[in-house]
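Remarks on the structure that follows.
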Amino acid sequence: MSSTGRIVTVYGNMVTAEVEGTVRQNAVAYCQRSDGVRLMSEIIRIRGKLADMQVFELTRGLKVGDPVEITEELLSLELGPGLIGMVYDGLQNPLPEMAAQVGKFLEPGHYLKALDRKRDWDFDPLLAPGAIVTAAENLGKVKENIFDHFIMAPFTLNGEWKVKSIAPAGKYKVDKEIAVLEKDGQTVSVNMIQRWPVRIPLGIYRERLLPTQTMVTKQRIIDTFFPIMLGGTYCIPGPFGAGKTVLQQITSRHAEIDLVIVAACGERAGEVVETLREFPHLKDPRTGKTLIERTIIICNTSSMPVAARESSVYTAITLGEYYRQVGLNVLLLADSTSRWAQALREMSGRLEEIPGEEAFPAYLESSIARFYERGGIVELKDGRKASLTVGGTVSPAGGNFEEPVTQGTLKVVGAFLGLSYARSYARRFPAIDPLESWSKYAGVIAHEKVAWAHGFLKRGKSIYEMMQVVGEEGTSIDDFIIYLKSEFLDNVYLQQNSFDEVDAACPVDRQQHLFEMVTGVLKHKFEITDKARARDLFFTLTEQFRDWNYSPWLSDQMKTAESAIKATMSSKEAAHA
Amino acid sequence: MRKFYTKIDNIAGNVATLKATGVGYEELALVEGSWGKSLAQVIRVNGDNVSLQVFAGTRGVSTGDRVSFTGHSMRFSFSDDLFGRVFSGGGEARDNRGELTDNLIEVGGPAVNPAIRLMPHRMIPTNIPMIDVFNTLVEGQKLPIFSIPGEPYNELLARIALQAEADVIIFGGMGLKYDEYLFFKHRLEEGGAMNRSIMFIHTASDPVVECLQTPDIALTVAEQFAIKGKRVLVLLTDMTNFANALKEISITMEQIPSNRGYPGDLYSQLASRYEKAVVFEEGGSITLMAVTTMPGDDVTHPVPDNTGYITEGQFYLKGGVIDPFGSLSRLKQQVNGKTRDDHRAIMDGCIQLYAKCRETREKRAMGFEMSDWDNKLLKYGESFEKQIMSFSANVGLFDALQQCWNILAEHFEPRETGIRSNLCDQFWPKK
């Protein structure tokens, strides 16, 4: 039974109402403007008869005394086949549909159904009447793009239920009944739509597993040096202009994963538009389908109302959890979690809570932790493994990693890909700082080998710093060659040209092959005594390796490049003493 | 019938609070007293307590002044009659030509649906080589000019206004010195652009609250023209003053400050203005350039820092030139592949060599010996600064590219430039 109330305070996007009857924390409410427009809101604090709400729309025009309708339901999503390929706002309104119905601007008060009610799905039952099911067990399946989208028993089901009837194979719409379950004389009707509250983690599985499999992004610096695993979490902090969003876009294109959920949270609309307009035309090399067929976009850009921005990351992660439940490996890219934290801060300020560091609320850290903890790899009830990997960008104020959002995030993630302005300034992309970043996961190349190669980067940096003081002439030839080797490793392995068709994505076997070749150079004992000649030799090697990077795998071009490298390495210049 | 209230309870800063009923959030009110009259906007309703932000400031406002509510939020007249006009930051005529009252539109409406936006894809030529060649301005882009106070940022803005191709120029001045306002007005008149321009001017001596209104009115008008298919160029100066006005109001309203006194929603506030930049499918667009002065040349100051996260790059004005290293047009890749084959190569090549020249200058300053190569770089740097970077350079894109080739040929051999050999074969000036 829903309650009603009257508005007593309006301040920014926070509205307080005096309520008759019961109120649930985080329930959805609607504030009604005097022109009849209903604005969706969420209860975020209850004090006696007063309920504070965050309004997901512009509050302009609301008056004291305007009616408020308070529902029983928590802010929830519609889950079912047909989510993939969609573009939603933070409240799961399909944006293209919205444009068609409402026009160019996001006028307040329009809410649309998330799932298409007109589309037919080919349903295949997997159970017969009489079978016993519990929550989230498969009843049947439909084909969504290339995936088997399992239609599950309701997530809210308690205990064991018997299948009373199930629909025969055929075409059904999402809201059509496909099964009836019964228990103790009660029956429930099941269709393909499930609803789930965004703020409550969705995870119905046998057990949660330890991540063990590398999630291949085809970026060498990530897969080799700072890897991510299926079901793991990572963050990408960086100042503006360091390439956070570009890195997220590259990952969303090349990652070896079933489904990518892009959550554009409080960022530029332009970046979403790029994904929106390009993904329908870009091919996913793994499946031959377009990228949009494995992508869901949640888009609450910076000029859209701030409360909906706060909920948009939850919308995104709930969709991710749902498809994990279906059985897929899902990657959630949240760009940027700082904007989400700022939304928390804005509301906290309006609620006049006692502020923590930089005016962020005291519960910031635990909110961040709870968010990332929703990722993970699990064994589903039918034994299949499925995962949700979470990657969030962080936009620290002034590029300073000491700020609360970065620090709160570092505590809970498994990998830290710190972007540096210095590297981006020097056009070294991806601008992940190899000396600051870390990962607790295992990558595509054995850890000891990677650590050994990484040592060159550290030594090279300190030699470079010394060289700034004493000049090249004051540096020994041995040190100078270590420095050249570290630069070489950086240039040909860490850096990757995302504009080059071949180099943009470097698969695992190619990474392993290149790593062996690069190790060969790093191990090689060069006997050159002249610095200019040494530099020249490494220039040549760098150029030849780059040619190799730009050559298609196993092509003649690649073989030519490889023999050029061999020739250089066995030349008199590079020879052993 | 309009209801009048004659008792104001509290006056603090630019905010007046009184008891009233049936008042909408963000509704517009009129405050009248012996000092004159002013518009005011509702910024909080709490029971029957209504807080008003008084546009003209509360100086001289008496608790007995008369307040009435208009029943609508801020509106502004939109028509072709706006061309050539000058308004105050609050939208009142500033040119003694009478107020406009027809076709009133709501100021500061909802955001554009991202799903209908187009990728910016057309170059805006400015005849400034540092922009056209190296950091191309793109129609629909939002780009700030980061600058230390004292740099010629207003000249740069005026030049872009006059030389860029746009159907409509909308100028929003916030906290301008009066002579800066006159400077812009004269430049637009001299350049013959006044008949396609509209100015909204808030000067440093005007009430602070009007400073907050300036970008909203300017951008609302811009949006209306863009919907009608016009290509609109919006110039705002200076957004730091706008942010400071926000800070002033939020502290008066006892909001908890987040960083150096700025309110926690500074990012959202700036973003909701900058994000008005757009390209519509029907051809209309808004391109937005805004000056952000950086106190103490500190790019980590909250205003430039938040701006940098919102905008698509920045022009960094330093030492009287557009600095090629701090500056970035994130959208240049969308257009510079389609101009001329050598555009990208010149863009990268010239800047890489100039970066090397700067390194060499540092080496020289530390007393290291100069090689022949070093001397070449030093000479190249001088020519590049004089002919390309200088503010006086005023040539189209193709001429600018040619000039770059000439400078390269003057100082280097083709292979020393790092530019692909097939381009050198094609474009290297024949002696």
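At q = 0.12, 0.17, 0.27 Å⁻¹ the log10 of I(q)/I(0) for segment B:4-73 amounts to -0.23, -0.47, -1.33, computed by Debye summation with a single uniform scatterer per C-alpha, solvent ignored.
When only the Cβ of Lys, Arg, Asp and Glu is charged (+1, +1, -1, -1), the dipole of segment A:447-569 relative to its Cα centre reaches about 320 debye. Rounded to the nearest 10 degrees, the inclination of helix B:343-365 to the longest alpha-carbon principal axis of chain B is 80 degrees. In the structure shown, the pairs A:Lys118/A:Lys141; A:Lys283/B:Lys276; B:Lys3/B:Lys247; A:Lys183/A:Lys381 are assessed against 23 Å; a Cα-Cα span above that value is assigned to A:Lys283/B:Lys276; B:Lys3/B:Lys247. Quick check: net charge around B:Ile322, other residues with Cβ under 13 Å of its Cβ, Lys/Arg +1 and Asp/Glu -1? Residues near B:Ile322 contribute -3 overall.
Overall, the anisotropy analysis places chain B in the prolate class: the square-rooted eigenvalues a ≥ b ≥ c of its C-alpha gyration tensor yield a/c not less than 1.5, with a/b exceeding b/c. Sorted largest first, the principal axis extents computed over the alpha-carbon atoms of chain A equal 89, 56, 41 Å. Mean residue ellipticity, 222 nm, helices only, the protein assembly as shown: the sum of -39500 (n - 2.57) across DSSP H runs of n ≥ 4, divided by residue count and rounded to 500, is -10000 deg cm²/dmol.
Taken as Cα centroids, segment A:491-517 and segment A:139-188 sit 46 Å apart, rounded to the nearest whole angstrom. Under the convention that each Lys and Arg Cβ holds +1 and each Asp and Glu Cβ holds -1, the size of the dipole of chain B around its Cα centre is about 200 debye. Under a Cβ-Cβ cut-off of 13 Å, what is the net charge of the residues other than B:Asn127 that fall near it, where Lys and Arg count +1 and Asp and Glu count -1? So the environment of B:Asn127 carries a net charge of -2.
By the count of other C-beta atoms within 10 Å, a proxy for reagent exposure, B:Lys7, A:Lys183 are ordered fewest to most as B:Lys7, A:Lys183. If you take every DSSP beta bridge fully contained in segment A:260-402, what fraction is antiparallel? Give it as a percent rounded to 5. Of all bridge pairs located within segment A:260-402, approximately 25 percent are antiparallel. What whole-number distance in Å separates the alpha-carbon centres of segment B:57-76 and segment A:535-559? Centre-to-centre (Cα) distance: 72 Å. With the cut-off at 1.5 for a/c, could you classify segment A:447-569 from its C-alpha gyration tensor as rounded, prolate or oblate? Prolate.
Please work out whether the protein assembly as shown counts as rounded, prolate or oblate from its C-alpha gyration tensor, where a ≥ b ≥ c are the square roots of the eigenvalues and a/c under 1.5 means rounded, while otherwise a/b larger than b/c means prolate and anything else oblate? It is oblate, given that a/c is not under 1.5 and a/b is not larger than b/c.
In degrees, nearest 10, range 0 to 90: what is the angle between the Cα axis of helix B:153-163 and the longest Cα principal axis of chain B? Taking Cα atoms only, the helix is inclined about 80 degrees. With respect to chain A, whose longest principal axis is taken over its alpha-carbon atoms, helix A:269-278 is tilted by about 80°.
Which entries in the list A:Lys572/B:Lys363; A:Lys411/A:Lys440; B:Lys185/B:Lys332; A:Lys525/A:Lys559; A:Lys218/A:Lys449; A:Lys485/A:Lys525 go over 22 Å, if you measure between the two C-alpha atoms of each? Over 22 Å apart, Cα to Cα: A:Lys572/B:Lys363; B:Lys185/B:Lys332; A:Lys525/A:Lys559. Would you give the gap between the C-alpha center of segment B:218-259 and the C-alpha center of segment B:343-376, rounded to a whole Å? Taking the Cα centre of segment B:343-376 as reference, the centre of segment B:218-259 is 41 Å away.
Summing Lys, Arg as +1 and Asp, Glu as -1, what charge do residues with Cβ under 12 Å from the Cβ of B:Arg344 carry, B:Arg344 excluded? Within the 12 Å Cβ shell, the charges total +1.
Each reported figure results from applying straightforward, stated rules to the coordinates on display, with no laboratory input. Remember, predicted model here, so these are calculated numbers, not experimental data. Every residue, glycine among them, receives a Cβ derived from its backbone with ideal geometry; neighbour counts consider all protein chains shown.
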